[in-house]
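Visitor: Take this structure first; my questions come after.
The values are calculated or read from the model by the stated rules, or taken from the named source; none is laboratory data. Just so it is clear, the structure is predicted and the values come from calculations on it, not from any experiment. Here the Cβ positions follow ideal geometry from the backbone for every residue, glycine too, while neighbour counts run over all protein chains shown. What goes into the accessible areas is simple: the full protein's heavy atoms, side chains included, and nothing from ligands, DNA or RNA. Shrake-Rupley method; radii C 1.70, N 1.55, O 1.52, S 1.80 Å.
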Amino acid sequence: DSGVTQTPKHLITATGQRVTLRCSPRSGDLSVYWYQQSLDQGLQFLIQYYNGEERAKGNILERFSAQQFPDLHSELNLSSLELGDSALYFCASSPLGDRGWDEQFFGPGTRLTVL
Amino acid sequence: GNSVTQMEGPVTLSEEAFLTINCTYTATGYPSLFWYVQYPGEGLQLLLKATKADDKGSNKGFEATYRKETTSFHLEKGSVQVSDSAVYFCALLYSSASKIIFGSGTRLSIRP
């Protein structure tokens, strides 16, 4: 158990809908990272937040957005969903900022299925 | 552009066999290189890393050496165990740009 929790574990929705995925980092970790893992695109980094502010942006679509709240939990919002958005979405946390890549703890993921 | 290429899986070996999973990269400058492991039903775990040429990363019996001349970072283990069955990802990171790029992953299955 990494100490990172993600909810829900599974989510099934329809095209055009909007969903919110939630991540609670390990206690004390200031950085949160979001990743998408799909059969088509493989594993991709989406975005990083550090202490409430966006720190790095990867291949995140404009239909997707994220935020990190004062209690450090983070939410990933996916809107106007398409079939291709079906994937496993991972969250990771780190106590580090810029060097957080060296020490990340991954959650179990949320599996999103878009029908 | 920058990219990471891993050997295609799945790779199936018998217990105690020698393992090599090839990883090559295309990049400008001096990225850091990582190997991550994903066990069934779990998120990724950092297995090992190397931040400059000729560095050797090692962990849990796995090793990989950052070879700039061949742009490679092959993962090796001398004697695999059934518990090593997982998907392994090679990754490249530019710290300055905060960009990480993953390979496609290699599924490893170890037979008892």
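Visitor: Using only the alpha-carbon atoms of segment A:2-53, report the extent along each of the three principal axes, biggest first, to the nearest angstrom.
Guide: Extents along the principal axes: 36, 23, 21 Å.
Visitor: Counting only protein heavy atoms, probe 1.4 Å: which residues of segment B:30-68 lose 20 Å² or more of accessible surface in the full assembly compared with their chain by itself?
Guide: B:Phe34, B:Tyr36, B:Gln38, B:Gly43, B:Leu44, B:Leu46, B:Lys49
Visitor: What dipole magnitude, in Debye to the nearest 20, does the protein assembly as shown give about its Cα centre under +1 on Lys/Arg Cβ and -1 on Asp/Glu Cβ? Don't jump to the answer; show the numbers that get you there.
Guide: On the way: 19 positive and 23 negative charges, 22 e Å.
In total the dipole reaches around 100 debye.
Visitor: Report, by chain and number, residues whose modeled amide H sits under 5 Å from the one on B:Val11, excluding near sequence neighbours (fewer than 5 apart, same chain).
Guide: B:Arg107, B:Leu108, B:Ser109
Visitor: Considering only the other residues whose Cβ falls under 10 Å of the Cβ of A:Arg63, what net charge follows from Lys and Arg at +1 and Asp and Glu at -1? List each step's numbers first, then the result.
Guide: Details: positive: A:Arg18; negative: A:Glu62, A:Glu82, A:Asp85.
Summing Lys and Arg as +1 and Asp and Glu as -1 gives -2.
Visitor: Taking the Cα centre of each part, how many Å lie between segment A:36-115 and segment B:12-82?
Guide: 24
Visitor: Moving on to the next point. Longest exposed-loop-site-free stretch of chain B, with trypsin sites (Lys or Arg not before Pro), DSSP loop and at most 16 other Cβ within 10 Å? Working shown, then result.
Guide: Values: sites that count: B:Lys52, B:Lys60, B:Lys68.
Formally, the longest exposed-site-free interval is B:1-51.
Visitor: Please list, ordered by chain and number, the residues whose modelled amide H lies under 5 Å from the amide H of A:Ser86; skip anything fewer than 5 residues away on the same chain.
Guide: It is A:Val114, by chain and number.
Visitor: Expressed in nm², what is the orientationally averaged projection area of the convex hull enclosing the Cα positions of segment B:17-79? Intermediate values should be presented prior to the final figure.
Guide: Working: hull surface 18.8 nm².
With the hull built on Cα positions only, its mean projection is 4.7 nm².
Visitor: Report the normalised scattering of chain A as log10 I(q)/I(0) at q = 0.09 Å⁻¹, calculated by the Debye formula with identical scatterers on the alpha carbons.
Guide: Ignoring solvent entirely, the Cα scatterers give -0.20.
Visitor: Please calculate how many Å² of accessible area the protein assembly as shown carries per residue, with a 1.4 Å probe and no DNA, RNA or ligand atoms counted. Could the numbers behind the result be given before it?
Guide: Details: 10810 Å² over 227 residues.
With the other protein chains kept in place, the protein assembly as shown gives 48 Å² per residue.
Visitor: Let me ask something else. Under the √(5λ) rule applied to the eigenvalues of the Cα gyration tensor, what semi-axes describe the equivalent ellipsoid of the protein assembly as shown? Give them in Å, descending.
Guide: Gyration-tensor ellipsoid for the protein assembly as shown: 29, 20, 17 Å.
Visitor: Can I ask one more? ³J(HN,Hα) across segment B:23-30 via Karplus (A = 6.51, B = -1.76, C = 1.60, θ = phi - 60°), whole Hz, x for Gly/Pro?
Guide: With coefficients 6.51, -1.76 and 1.60, one gets 9, 10, 9, 10, 6, 9, x, 10 Hz.
Visitor: Let me ask something else. By the scheme Lys and Arg +1, Asp and Glu -1, what is the net charge of all other residues having a beta-carbon under 14 Å from that of A:Leu88?
Guide: Local charge sum for A:Leu88: -1.
Visitor: List, in order, the whole-Hz ³J(HN,Hα) value for each residue of segment A:79-90 obtained from phi through the Karplus relation with A = 6.51, B = -1.76, C = 1.60 and θ = phi - 60°; use x for Gly and Pro.
Guide: Result, ordered by residue: 10, 6, 4, 10, 4, x, 7, 4, 5, 9, 10, 9 Hz.
Visitor: B:Ser85's amide H: which non-local residues (gap 5+, or another chain) put their own amide H closer than 5 Å, with H modeled 1.01 Å from N in plane and none for Pro or chain starts?
Guide: Placed amide hydrogens put B:Ile110 under 5 Å from B:Ser85.
Visitor: Which whole-Hz ³J(HN,Hα) couplings does segment A:61-72 yield from phi under the Karplus relation 6.51 cos²θ - 1.76 cosθ + 1.60, θ = phi - 60°, glycine and proline marked x?
Guide: 6, 5, 6, 9, 8, 9, 8, 10, 8, x, 7, 6
Visitor: Rank B:Gln45, B:Thr65, B:Cys90 by how far each Cα sits towards the positive end of the charge dipole of segment B:30-96 (+1 on Lys, Arg Cβ; -1 on Asp, Glu Cβ) and give me just the farthest.
Guide: Sorting the options by dipole projection puts first B:Thr65.
Visitor: Taking segment A:34-115, which trypsin sites (Lys or Arg not before Pro) meet the DSSP loop condition and have no more than 12 other C-beta atoms within 10 Å? Intermediate results must be reported in sequence, preceding the final value.
Guide: Values: sites: A:Arg55, A:Lys57, A:Arg63, A:Arg99, A:Arg111; in loops: A:Arg63, A:Arg99.
Loop-located and lightly packed - A:Arg99.
Visitor: Among the GluC sites (Glu not before Pro) within segment B:1-100, which fall in a DSSP loop and have no more than 11 other Cβ atoms within 10 Å of their own Cβ? Please report the intermediate quantities before stating the final value.
Guide: Working: sites: B:Glu8, B:Glu15, B:Glu16, B:Glu42, B:Glu63, B:Glu69, B:Glu76; in loops: B:Glu8, B:Glu15, B:Glu16, B:Glu42, B:Glu69.
Of the GluC sites (Glu not before Pro), the ones in loops of segment B:1-100 whose Cβ has at most 11 other Cβ atoms within 10 Å are B:Glu8, B:Glu16, B:Glu69.
Visitor: Additional query: DSSP loop GluC sites (Glu not before Pro) in segment A:8-115 with at most 16 other Cβ atoms within 10 Å of their Cβ, which ones? Let's see the in-between values first.
Guide: Values: sites: A:Glu53, A:Glu54, A:Glu62, A:Glu75, A:Glu82, A:Glu103; in loops: A:Glu62, A:Glu82, A:Glu103.
The qualifying sites are A:Glu62, A:Glu82, A:Glu103.
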